[in-house]
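The structure under discussion appears below in the form of structure tokens.
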Amino acid sequence: MKFWQKTFIAVLVVFIVFINLCLYLIARYYYNLDMKRDADRALGEYHFISNSLYQTLDSLYFREQTIPVPDYMQSFMRSYADYYAKQQVYLELRGPDKLIFSNVPSAAESQLKAQTGVQAGDASRTELVNGTPYLVIIGNIGGRYKDYTLTYARDKSELYEAQSKLTRYLILVSMSMEIALALVLLLLLRKLTSPSGLCRKPPLKSPGAYITAESRSGAETSSMTWR
């Protein structure tokens, strides 16, 4: 293998590793940023719904001196569920001994139940339900309604699809950059290592040329002596 071929392969490998590493870090950064933004948004929406539910139930409690009936809770939850369903967000409210309201899809309902170990909706987790990623937040409403559990589930399929498109785009960019770099590097090395690009030595004179030069030098010397 020629020297320029070895140089071409070595330099190309270094640049390919560097380019792919940079693109991977960029994709990873935006993925983590999108996940954090989505989780923060979900937590904000969860606390808004939970606080609204608590304040409404509390006001009715002081007016009626009893905890509102499940039918009213269903009506209240329905208004929020209809609004957030457009954003692929599903809600579920459970009482001490039964389910009060839920618009969670039937395929995911059995796997998105409230866990007894969760006491506050201050954290989120992502679960795969039948191959679909859901961001899940579960917590108790608090106060005199601590036995009521609110579940928030957001379908993250669109977010994962957007991340997949970004990954495919970066792969195409990487391939284009690598091909362009390989062509430029190949042409540059071929030009630098070609015979025309190297310094040429002056051509050697033939023995006859030296003899002719010496004869002329001798003739000129004899002429000067005769004079």
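The values are calculated or read from the model by the stated rules, or taken from the named source; none is laboratory data. These numbers come from a predicted model, not from an experiment. For neighbour counting, all protein chains shown are included, and Cβ atoms are generated from backbone atoms with ideal geometry for every residue, glycine included. The protein model used for the area step is the full one, side chains on, heavy atoms only, and it has no ligands, DNA or RNA in it. Shrake-Rupley method; radii C 1.70, N 1.55, O 1.52, S 1.80 Å.
Ranked by the mean number of other Cβ atoms within 10 Å per residue, highest first, peptides 169-179, 47-57 order as 47-57, 169-179. Ranked by the mean number of other Cβ atoms within 10 Å per residue, highest first, peptides 145-152, 76-83 order as 145-152, 76-83.
Each residue was assigned an accessible area with a 1.4 Å probe, and for residue 37 the value is about 150 Å². Taking amide H as placed 1.01 Å from N in the peptide plane, the amide H of residue 103 sits under 5 Å from that of 91, each at least 5 places away or on another chain. In this calculation the C-beta distance from residue 48 to residue 75 is compared with R0 = 30 Å, giving a FRET efficiency of 0.95.
Taking a ≥ b ≥ c as the square roots of the eigenvalues of the Cα gyration tensor, the range 142-186 is classed as prolate, since a/c reaches at least 1.5 and a/b is larger than b/c.
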